[in-house]
Every structure is written in C-alpha cells, then in structure tokens.
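One structure is given below, encoded as structure tokens.
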Amino acid sequence: MSALFCDLSTEKDAKPPTQPELRERKLLALIQKCRKSVVLFVDEAHDIHHSTLVKIKRLIELVRQSGCILSVVLVGHPKLKNDLRHPRLEEIGARTNAFSLEGIRGYQAEYIKWLLGECIHDDYLPEDLITDEAIAFLAQRLTTPLQIEHYLHRAFEDAYKAATKPVTVEIAEAVLAVGLNDLEPRLVRHGYNAKVLAELLNIRVSEVKSFMSAQLPPGRTQDLRDQMLKMGIPLFASEGN
C-alpha cells in the first residue's frame with residue numbers, strides 16, 4: 001500500500017494514514033482520481049508471507065467494488081507457484097494465472113555463442129577463444145545468463161593467466177564451483193532455503209541441513225523426500241542442469 005501511495009499520489013512526500021480504515025479510503029480515492037487501471041508489480045514475491053497475499057486479494061476486491069481495476073503481478077521463484085497451488089491458499093491461487101518463464105533453458109549453447117559474438121572483435125571467431133566442447137560443457141552445467149556470464153569471465157581470466165588459448169573443457173571444468181548443482185543450491189534457486197523448508201516440514205533447520213548433506217539415516221531421508229515431493233518441491237535436477 002505504501003508503494004501505491006508513493007506512485008499514485010501527486011502530493012510531495014505524501015504519507016499514507018496510519019489508521020487502516022483511513023488508509024484504505026485514501027488509497028481508493030487516489031485510484032479513482034487516476035481514472036486508469038493500476039498495476040502493482042511485486043518482485044521476490046516467493047518471500048511474501050501468506051497473510052500478505054490475503055490482504056493483497058482483499059485490496060483488489062475493495063478497488064473493484066469502487067468501480068476501478070487493480071491488478072497485481074507477482075514475480076518470484078518457482079516456490080511462488082507451488083505456494084499458490086497449496087490448499088491453504090486456494091482463495092488466492094484460484095484467482096491467479098501462473099506463467100512460467102524458462103528464460104534461456106534449452107538454448108544455453110546458443111546464448112553463449114551470441115554473447116561471445118556481441119563481445120569479441122570482428123577479427124575473431126568464438127572458436128578462436130573457446131572450443132565447441134567447452135561451450136557444450138558450460139551449456140550443460142549452467143542454466144541462467146548470470147551463471148554463464150560469471151563463469152565465462154572466470155574461464156577467460158584463468159586461460160589468460162595460464163597463457164592458454166582457446167579455453168578448453170579442462171579450464172571450464174576447473175572454474176565451476178564445487179557442488180554447483182548439488183541439492184541445496186538447486187533448491188535455493190527455486191526459492192527453498194533451509195529456513196523455508198524447516199517451516200514447511202515443521203522440523204529444525206539443522207535437520208534440513210543434515211538432509212541436504214545426506215547425513216540423515218536412510219529411513220528419515222526417504223520420509224523427508226516423500227513429504228517434499230508431495231508438496232511439489234523439486235528434488236531432482238532438470239534436464240540441462
């Protein structure tokens with residue numbers, strides 16, 4: 001609501017009222033004054049508390065009852081989609097449309113070649129700087145543009161220090177972080193850190209960490225795996241990871 005006040009108010013340094021009733025009425029008046037549909041974008045929405053999602057739904061309904069339109073776009077990790085599908089959030093999830101943005105997944109090699117083409121001098125070709133085998137290796141192990149740019153930079157740095165050209169598979173393999181695609185970093189990329197998993201599974205954070213490190217007894221490990229899979233939490237590497 002503070003974000004909406006800041007963006008919609010024409011008053012300098014406008015502050016929303018502290019009382020809930022007055023705050024809602026003033027916000028509705030601002031939206032009506034705009035005479036336009038309003039869209040609120042929320043990044044890192046997988047971290048939003050469930051009670052906040054309920055309040056956002058209520059705000060949308062209040063605006064609709066006043067004859068205006070407020071749409072909310074929630075942007076977050078795959079955990080957000082899982083949360084919205086859970087029965088406890090049915091009143092929210094049933095009112096949402098979910099879209100999965102796969103980014104460059106499946107086109108990592110093409111992205112690497114495009115990136116090199118944008119960066120290198122016209123006198124060079126990508127194969128002059130990095131072998132096709134190294135590109136294929138990085139494309140298989142990396143999934144996001146940020147990862148690719150980071151590890152390409154490190155590979156070229158190490159190759160320069162070793163006076164080696166082009167970058168080989170051995171150099172590419174050496175710069176990749178140990179455990180890059182282990183269970184814990186994969187889960188974190190989906191929005192599930194140890195604290196979130198502990199709350200979902202109703203267990204201690206230390207037990208979650210032991211699970212991620214494969215230090216639990218086989219029976220307990222299987223029990224937690226079954227619970228997580230039932231919740232839709234991804235435990236297995238996707239193709240291309």
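Summary table
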| item | result |
| --- | --- |
| The stretch 2-93, relative contact order in percent, only Cα pairs under 8 angstrom and at least six apart counted | 27 |
| Selection from 171, 65, 115 lying farthest towards where the dipole of the chain points positive, charges on Cβ | 65 |
| Fluctuation leader among 123, 43, 132 - the chain, Gaussian network, Cα springs under 10 angstrom | 123 |
| Filtered chymotrypsin sites (Phe, Trp or Tyr not before Pro), the stretch 141-241: DSSP coil and at most 13 other beta carbons within 10 Å | 236 |
| Given the chain, longest segment not containing exposed loop GluC sites (Glu not before Pro) (DSSP; at most 12 other Cβ within 10 Å) | 103-238 |
| The stretch 132-233, relative contact order in percent, only Cα pairs under 8 angstrom and at least six apart counted | 18 |
| Whole-Å distance, taken between Cα centres, linking the stretch 99-125 and the stretch 25-53 | 36 |
| In the stretch 7-93, trypsin sites (Lys or Arg not before Pro) in a DSSP loop with at most 10 other beta-carbon atoms within 10 Å | 12, 35, 36 |
| Spatially proximal lysines relative to residue 161 (Cα-Cα < 27 Å; intrachain offsets below 8 disregarded) | 113 |
| Sequence-distant residues sharing a close amide H with residue 72 (under 5 Å, placed H) | 40 |
| At most 15 other Cβ within 10 Å, DSSP loop - chymotrypsin sites (Phe, Trp or Tyr not before Pro), the stretch 81-114 | 99, 107 |
| Full-stretch length increase - residue 180, residue 73 - with 0.36 nm per residue and alpha-carbon distance subtracted | 35.5 nm |
| Point-to-point label distance, residue 9-residue 220, nm (Cα→Cβ direction, 7 Å offset) | 5.2 |
| Over the chain, relative contact order from alpha-carbon pairs under 8 Å, at least 6 apart, % | 15 |
| Pairs beyond 24 Å (Cα-Cα), from 12/36; 33/81; 12/55; 36/57; 12/33; 26/81 | 33/81; 12/55; 26/81 |
| Hits among aspartates and glutamates - C-alpha to C-alpha of residue 209 under 19 Å, sequence gap 8 or more where chains match | 182, 184, 199, 223, 226 |
| Neighbour net charge for residue 180 - beta-carbon separation under 10 angstrom, K R +1, D E -1 | +1 |
| Length gained when the stretch residue 100-residue 51 is fully extended (0.36 nm per residue, less Cα-Cα span) | 15.3 nm |
| The chain, helix-only ellipticity at 222 nm - DSSP H runs n ≥ 4, -39,500 (n - 2.57), divided by all residues, nearest 500 | -16500 deg cm²/dmol |
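Taken together, the values in this text are just the output of simple stated rules run on the coordinates, not laboratory data. Values in this document were obtained by computation on a predicted structure and should not be read as measured data. Here Cβ is always computed from backbone atoms with ideal geometry, including for glycine, and neighbour counts include all displayed protein chains.
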